[in-house]
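Colleague: Take this structure, written in structure tokens, and hold onto it; I'll ask about it next.
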Amino acid sequence: MRGSRVLVLLAFVLVACDRNIEPFDPNEAVAKPDLSKIFPEGAERSGDGQALRGVMPEPEARGAEPPGAEGAPLAGSIRVSDELAERVPQGAVLFLIARSGGGGPPTAVRRIPGPSFPLDFEIGPDDRMLDAMPFVGPFQLTARIDADGNAMTKNPGDLQGEAAGSFAPGAEGIEIVIDEVL
């Protein structure tokens, strides 16, 4: 019974799989794709005509300020509450995160390996996740002590805290107290 299921499944895969995989031909000439099959007639008039024709914009002049770098850095200090001071693991990494709006991806992140507390910080346009993202507030700031050093994980035992309120670019004297165990 089990063998017949495997045969049926194998037959289905062989019949249904239509990937048109052809062997590699090292002598095949490289050619630009025919974009008329993807983009309808007149799509070049949408403002992206140069990109549709495969022409990339000129890189910005060296030394020019990248877009979105207009906000001044935020500055302050981070400390760990007395109750959690002994729980800071050796070799941990501190992630300082600035978010604008009600959530979503961070605007800026600063990774600080082997922090010692209290710690003075500054986070600004140079720490943005995307250069094109404007560094405009108001910002909510959080700090997380991460034992494994991976920003994508939040493991039990990691420590976290946040600043009270929200802050405009250029704000100073911000205090973050790490007072929560995940």
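Colleague: If we count other beta carbons within 10 Å of each Cβ, what is the order of PHE24, PHE121, fewest first?
Modeller: In order of increasing Cβ crowding within 10 Å: PHE24, PHE121.
Colleague: Which of THR142, THR107, THR153 has the fewest other C-beta atoms within 10 Å, and how do the rest follow up to the most?
Modeller: Lowest to highest Cβ neighbour count: THR153, THR142, THR107.
Colleague: While we're looking at this one, here's another question. What is the order of SER166, SER116, SER100, fewest Cβ neighbours within 10 Å to most?
Modeller: Placing the least packed residue first, the sequence is SER116, SER166, SER100.
Laboratory data are not the source of any read-out in this text; all were calculated from the coordinates shown. Given the structure is predicted, the values throughout are model-derived calculations rather than measurements. As a convention, Cβ positions derive from the backbone with ideal geometry for all residues, glycine included, and neighbour counts pool all protein chains shown.
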